[in-house]
Amino acid sequence: MTVSAPLPRERAKRIVYVGTPQIAVAPLRALVAAGFDIALVITGVDKRRGRGSTVSPCPVKEAAIEMGLVVSHDINDVLSLDADGVLGVVVAFGSIISDQILQHVPMINIHYSALPRWRGAAPVERAILAGDSTTAVCIIRVVQQLDAGEILASAACPIDDNDTVDSLRNRLGELSLPLLIDVCTHGVSSEQPQEGEVVVAKKIVAQDLNIDWQTDAQYILRQVRIGNAFTFLDGKRFKVHEARVNSQTHPPASIVQDQERVLVGAGTGSVELLSVQPEGKPRLSARDWANGLRLNQQHVFGEG
């Protein structure tokens, strides 16, 4: 069994920061604002975004350069550092960190779920899709097994009925910052093994977002809340960006215009469409879309 470098029991002398997307920017800024010496930032490579061949840096790299920090795309550069007093902080990096690195530098991770529930790639999305009423943010030790390290600090967070991935992730991010700063400032005082059933948060795929109108309206709404939910109309993909549940009963997949509302029948209840996007067209209000389409009984959502 691999033994990781021991976690600090006092303030970290230097930080190696490892992260890539937008959600990883705020913790980096918080560490800098708290006066920590950021020895190195490891982040994803520049990628092409949008059309054309121009590449641009990821959010963490952009922020790190702005703050004058040293940036690398190679996680193995950690091995070249003097490990004395160094702590690694990992936030949404997306790549495996080797045993060799974990033996050289202790690392902690911000994870956005109530571990061991929702270990893996999409903890926020899976918590919403499953209808969980609460979740949490945890600071954990990074170990070789995915999200399996001891919990060093945590804070619970309710999931509101209208929470989207962005709104819930933002709240979890805010909760994580004082926990992170406390651990980095005072060292690790508690290491709690994860207890309970392990549930894996698999990456969200198209099947998770494809609306089955035979299912319950509440479940369909949860699909909409995690983003990019879709159905089909006349063989073309049709995105549903915003919606809410309605108690009216209509045949599943049937589209009904009721005064100002656009309703779609579900297995239980109906879904009121609020913001939609037909394939190849911009996002617009469901009412404007329905008025332009001149809905009739022939309009029914179906398979692609």
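The values are calculated or read from the model by the stated rules, or taken from the named source; none is laboratory data. In this text the structure is predicted, and so the values were computed from the model without any measurement. So basically every Cβ, Gly included, is an ideal-geometry build from the backbone, and we count neighbours across all protein chains shown.
Here is how the numbers come out for the structure above:
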quantity	calculated
Whichever residue in segment 250-280 is polar (S, T, N, Q) and either touching a helix residue (DSSP H, G or I) at 6+ places or on another chain (Cβ under 9 Å) or touching a residue at least 60 places away in the same chain (Cβ under 8 Å) (or both) and, among such residues, is farthest from R222 (Cα to Cα)	Q257
Complete set of residues in segment 214-254 that are assigned to a loop (DSSP other than H, G, I, E, B) and in contact with a Phe, Trp or Tyr (Cβ under 7 Å, 6 or more places away or on another chain)	A253
Flag for G173 being in contact (Cβ under 8 Å) with a residue 60 or more places away in the chain and closer than 23 Å to G35 by Cα	yes
Residue check, C184 in contact with a Lys or Arg (Cβ under 8 Å, 6 or more places away or on another chain) and assigned to a strand (DSSP E or B)	no
Residue among D132, D161 that is without any contact (Cβ under 8 Å) to a residue 12 or more places away in the chain and in the same structural domain as F36 (by TED's automatic domain parsing)	D161
Identity of the residue in segment 104-134, among the hydroxyl-bearing types (S, T, Y) and surrounded by 24 or more Cβ atoms within 10 Å (Cβ to Cβ), that ends up nearest to T20 (Cα to Cα)	Y112
Members of segment 70-94 that are touching a residue at least 40 places away in the same chain (Cβ under 8 Å) and part of a loop (DSSP other than H, G, I, E, B)	L81, A83, D84, G85, A92, F93, G94
Residue within segment 274-292 that is hydrophobic (A, V, I, L, M, F, W, C), within 21 Å of A206 (Cβ to Cβ) and in a strand (DSSP E or B) present	yes
Scan of segment 255-268 for residues that are outside any strand (DSSP E or B) and at pLDDT below 95, ordered by number	Q259, E260
The one condition in (1) at pLDDT 95 or above; (2) under 20 Å from G131 (Cβ atoms) that S247 fails to fulfil	(1)
Test: residue in segment 249-262 that is of a type in the set (S, T, Y), out of contact with any Asp or Glu (no Cβ under 7 Å at 6 or more places or on another chain) and exposed (fewer than 14 other Cβ atoms within 10 Å of the Cβ)	yes
Some residue of segment 213-227 being in contact with a strand residue (DSSP E or B) (Cβ under 7 Å, 6 or more places away or on another chain), without any contact (Cβ under 8 Å) to a residue 24 or more places away in the chain, surrounded by fewer than 16 Cβ atoms within 10 Å (Cβ to Cβ) and not assigned by TED's automatic domain parsing to the domain that holds S113	no
Meets criteria (of a type in the set (A, V, I, L, M, F, W, C), over 22 Å from the mean Cα position of the chain (by Cα) and closer than 28 Å to G35 by Cβ) for V70	yes
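Yes/no matrix, rows are residues, columns are (1) modelled with pLDDT under 95; (2) surrounded by 13 or more Cβ atoms within 10 Å (Cβ to Cβ); (3) in the same structural domain as P178 (by TED's automatic domain parsing); (4) not basic (K, R):
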residue	(1), (2), (3), (4)
V3	yes, no, no, yes
V18	no, yes, yes, yes
A34	no, yes, yes, yes
I38	no, yes, yes, yes
V45	yes, no, yes, yes
S53	yes, no, yes, yes
S56	yes, no, yes, yes
